[in-house]
Amino acid sequence: MRVVGDLLSAAAIGPGCRLCVALSGGVDSVVLLHALHELRERFGYALSAAHVHHGLSPNADAWLHFCQRLCAALGVSLDAKRVSVTLDHPSGIEASARSARHAALNEVEADWLVFGHHLDDQAETLLFRLLRGAGVRGAAAMVPIEAGAPGRLRPLLTVSRADILAYAQVQRLEWIEDESNLDQAYTRNHLRHAVFPLLERAFPGAAVSLARAAGLFREASDLLDDLAAIDREACGGDTCTLAALQALPEARIRNLLRAQIRAMGAEAPAHARLCEAVRQMMQATGASLHLPLGDVACCVYRGRLWLEHVDGAGVVPVTWNGEASLPWGGGCVRFDSVIGQGLDAGLLDDVVLISRWPGLAMRLGVGRPRRSFKNLCQEAGVPAWLRPRLPVLRVRGEAAWVAEIGVAPEFACPPDAAGVVPVWQR
């Protein structure tokens, strides 16, 4: 198939690349494997296949044996992966099987996973997502080349199901039929067998038009990503200046937050929840906020705004041995070498970066009383939600520095001496 070779060239596939076909045994993946096998010598890549055994069908073992025989005949290695599917998944068995399948495929040793998704799949995906209220990014559906580790290739995305079937028949290929593909209790099957025939009769070429629309949505999505990058830079990066953010239209703030949430590996929240978060931050004047947005939270404090994982992942004790920085809660604590400021470098031995502990207390000046961690935070205006995440530098069992609060006088650097200034970068 010419389109397969064209996509391989566009993705710069060549000698040394490892391609792995997601092989279900259906006609789409069989045609894809055949085409890639034919092109292997021309491009010089290493070709393998992976089959995910869900165990949901009584024919699952037979499908696996078919894939094994097919790969053996082509001289292609097959990685068979057995997965368990949660039958009472809150999003349904389709979503559960898809999640298990993708998790298994992500473990494959390859540079690129190659899928047999085609034009009709693209049209169905777009319609399915629109009916669920997807935004521009969701309506972009699938992309032919998707970077990652491993990356994803979909060489047949512009080829219709009918053309794939015709190719298979001309090449006298064999494939298996999954009986569940006829069960209209599944949403996608209902779209395929009941809705799309009606659409095609009323609007001939509907699948082609919808797939083309997905491409236009993808262009728009890319432009929104570019706009988010511009706004992120203008507002100060990962930790934004609240005033600069508030100067943007609310739609651009939501776009920026969605982009940052995706960059953190989390799913964007519902539109209504994001609108409410933006409304509150637009009215924030000196107040601190902690707004949950699913897997992440939007934090506003001292004129800055940032996003962080709600579980505070990464806030674990770590020994400091003079490194320039240490990871902390999705960010880091930087240690700047200075003269006459911060902590006395000569006193810094047995140093641990840690969060608060029971009984933690510190004085902020010579002759001043020791104050509990809670009182120190109250006096400094540190909100309750931020306190468990504050990094503390403990030296020989004593608190020497607490982020947002300051340095204990007994560890303060004298004038003209070598000092270290800890800086918490969220």
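The values are calculated or read from the model by the stated rules, or taken from the named source; none is laboratory data. Note that the structure is a prediction, hence the values are computed from the model and not measured. Please note: Cβ atoms are built from the backbone with ideal geometry, for glycine as well, and neighbour counts cover all protein chains shown. For the accessible areas, the whole protein counts, side chains as well, though only heavy atoms, and no ligand, DNA or RNA atoms are used. Shrake-Rupley method; radii C 1.70, N 1.55, O 1.52, S 1.80 Å.
Determine whether S77 is more than 16 Å from D183 (Cβ to Cβ) and not hydrophobic (A, V, I, L, M, F, W, C). Considered against the rule, which asks whether it is more than 16 Å from D183 (Cβ to Cβ) and not hydrophobic (A, V, I, L, M, F, W, C), S77 comes out as yes. Whenever a residue of segment 203-223 is in contact (Cβ under 8 Å) with a residue 60 or more places away in the chain, its partners that are in a helix (DSSP H, G or I) and of a type in the set (S, T, N, Q), lying with C-beta atoms within less than 7 angstrom and at least six residues away or across chains, give the pairs A211/Q122; A214/Q122. Looking only at residues in segment 94-137 that are out of contact with any helix residue (DSSP H, G or I) (no Cβ under 9 Å at 6 or more places or on another chain), part of a loop (DSSP other than H, G, I, E, B) and open to solvent by less than 60 Å² (accessible area, probe 1.4 Å), the one that is farthest from D226 (Cα to Cα) is V108.
Has segment 366-387 got at least one residue that is closer than 22 Å to S288 by Cβ, of a type in the set (A, V, I, L, M), touching a strand residue (DSSP E or B) at 6+ places or on another chain (Cβ under 7 Å) and at pLDDT 95 or above? Within segment 366-387, not a single residue is closer than 22 Å to S288 by Cβ, of a type in the set (A, V, I, L, M), touching a strand residue (DSSP E or B) at 6+ places or on another chain (Cβ under 7 Å) and at pLDDT 95 or above. Which of the residues that make up segment 47-88 are in a loop (DSSP other than H, G, I, E, B) and of a type in the set (F, W, Y)? Across segment 47-88, there are no qualifying residues. Condition first: polar (S, T, N, Q), closer than 30 Å to G237 by Cβ and either in contact (Cβ under 8 Å) with a residue 12 or more places away in the chain or in a loop (DSSP other than H, G, I, E, B) (or both). Can you find one or more residues in segment 350-369 that meet it? The answer is yes, given that some residue of segment 350-369 is polar (S, T, N, Q), closer than 30 Å to G237 by Cβ and either in contact (Cβ under 8 Å) with a residue 12 or more places away in the chain or in a loop (DSSP other than H, G, I, E, B) (or both). Test R334 against the stated conditions and say whether it is part of a strand (DSSP E or B), within 23 Å of T239 (Cα to Cα) and either in contact (Cβ under 8 Å) with a residue 12 or more places away in the chain or open to solvent by 30 Å² or more (accessible area, probe 1.4 Å) (or both). Taking the combined requirement at face value, the residue satisfies it.
Filtered by the rule that a residue be within 21 Å of A168 (Cα to Cα), open to solvent by 50 Å² or more (accessible area, probe 1.4 Å) and among the small types (G, A, S), segment 31-77 gives A62, A72, A73, G75. A residue that is under 24 Å from A220 (Cα atoms) and open to solvent by 70 Å² or more (accessible area, probe 1.4 Å) occurs somewhere in segment 273-287.
Here's the yes/no breakdown for (1) polar (S, T, N, Q); (2) closer than 19 Å to V136 by Cβ; (3) modelled with pLDDT of 90 or more:
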{"residue": "A270", "(1), (2), (3)": "no, yes, no"}
{"residue": "M281", "(1), (2), (3)": "no, no, yes"}
{"residue": "G286", "(1), (2), (3)": "no, no, no"}
{"residue": "L289", "(1), (2), (3)": "no, no, yes"}
{"residue": "D295", "(1), (2), (3)": "no, no, no"}
{"residue": "E308", "(1), (2), (3)": "no, no, no"}
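At least 1 residues being of a type in the set (S, T, N, Q) and at pLDDT 90 or above is the threshold, and among the helices (runs of 4 or more DSSP H) wholly inside segment 178-247 those reaching it are 206-235, 242-246.
Within segment 338-357, one or more residues are open to solvent by 20 Å² or more (accessible area, probe 1.4 Å), closer than 13 Å to R394 by Cα, in contact with a Phe, Trp or Tyr (Cβ under 6 Å, 6 or more places away or on another chain) and not small (G, A, S). Going through (1) in contact with a strand residue (DSSP E or B) (Cβ under 6 Å, 6 or more places away or on another chain); (2) in contact (Cβ under 8 Å) with a residue 24 or more places away in the chain; (3) within 18 Å of R389 (Cα to Cα); (4) not polar (S, T, N, Q) one by one, A266 falls short only on (3).
The one condition from (1) touching a residue at least 24 places away in the same chain (Cβ under 8 Å); (2) on the phi < 0 side of the Ramachandran plot that G342 does not meet is (2). Taking V159 as the residue in question, decide whether it is open to solvent by 50 Å² or more (accessible area, probe 1.4 Å) and among the β-branched types (V, I, T). When the stated conditions are applied, V159 does not pass them.
For segment 146-177, the set of residues classified as over 19 Å from E38 (Cα atoms), aliphatic (A, V, I, L, M) and not in a loop (DSSP other than H, G, I, E, B) consists of A162 only.
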